[in-house]
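Here is the structure we will look at, set down as structure tokens.
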Amino acid sequence: MLITIPDVLTKEQVAEAKALLESAEWVNGNTTAGPQAIQVKNNEQIPEGHPIAKQVGEIVLRALKQNPLFHSAVLPLRIYPPMFNRYAGGQTYGTHVDNSIRQIPGTPVGIRSDVSSTLFFEEPENYDGGELCIDDTYGVHRVKLPAGSMIVYPSTSLHFVTPVTRGTRLCSFFWTQSMVRDDGQRSLLFDLDLGIQRVNREFSESEAGLATSIQFTGVYHNLLRRWAEM
Ligand code: NI
């Protein structure tokens, strides 16, 4: 399930984040790639644990905390500290799959990557290329979002970034361990949640609407109880 989460950050937050990120020291992105990914990866990153990565990461995490769509779609249990990458001058990242298990640096905590997220910091018209292409059972989806918007997709997907041939692509990316590891189960819960929200919005005045909402909310929680791992 691919879901676009619009306006995770306001334009002001994007501007603040970009100014901070531009002042950081960037290094070759291969420092965090596995042995296979290293062969296809050509970009720059801010080193993990860098004070600026932490500072901007906090802005991102605070915004996610207040984002109901992210919670409904991802059902986050643990979020890896956001990382940052940039591509320019033809840089690209060939087809790969993200590592399944990651240890949060400086902690004994491991996370299983269930959901991958990419948050865009640059407006699409400011660079050519740099599309995130995600392979799923319905084919390849090409994603290039406005600054401040984010795509979430199953970490099981093969994906790649097309070469950036003009300007600079600047993004944050990170992984989430979901309470519900299976993408199909998460999709069902998300659809059910959207349905409940719609009933609440459009039929809240009627007694039947209220009864339907209560019944479906019960089903939602009982499915979550059945499927959630903590
Ligand atoms: Ni990746």
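The values are calculated or read from the model by the stated rules, or taken from the named source; none is laboratory data. Computed from a predicted structure; not experimentally measured. So basically every Cβ, Gly included, is an ideal-geometry build from the backbone, and we count neighbours across all protein chains shown. Accessible surface areas use protein heavy atoms only, side chains included; no ligands, DNA or RNA. Shrake-Rupley method; radii C 1.70, N 1.55, O 1.52, S 1.80 Å.
Details
- Helix axis angle, 11-22 relative to the chain longest principal axis, alpha carbon, degrees: 30
- ³J(HN,Hα), Karplus 6.51/-1.76/1.60, whole Hz, each residue of region 187-201, x for Gly, Pro: 5, 4, 5, 5, 4, 5, 4, 4, x, 5, 4, 5, 4, 4, 6
- Rounded percent of accessible protein surface that carbon and sulfur make up, the chain, 1.4 Å probe: 55
- Each stretch of four or more DSSP H residues adds -39500 (n - 2.57); spread over every residue of the chain, this sum gives -10500 deg cm²/dmol at 222 nm.
- Within straight-line reach of Lys54, meaning a Cα separation under 19 Å, sit the following lysines at least 8 residues removed in sequence or on another chain: Lys18, Lys65.
- If R0 equals 22 Å, the separation of the Cβ atoms of Lys54 and Lys18 corresponds to a calculated FRET efficiency of about 0.85.
- Where region 183-227 is the region considered: accessible area per residue in Å², 1.4 Å probe: 70
- Compared with the alpha-carbon gap, the fully stretched path from Thr10 to Leu224 is longer by 73.9 nm at 0.36 nm per residue.
- Folded to 0 to 90 degrees: helix 207-227 orientation relative to the chain principal axis, Cα: 50
- Cα shape, the chain, gyration tensor, a/c 1.5 rule: prolate
- Span from the region 192-230 Cα centroid across to the region 140-171 one, whole angstrom: 33
- Cα gyration tensor category, rounded, prolate or oblate, for region 183-227 with a/c compared to 1.5: oblate
- Highest-MSF residue in the chain out of Gly167, Gly139, Gly90 [GNM, Cα springs under 10 Å]: Gly139
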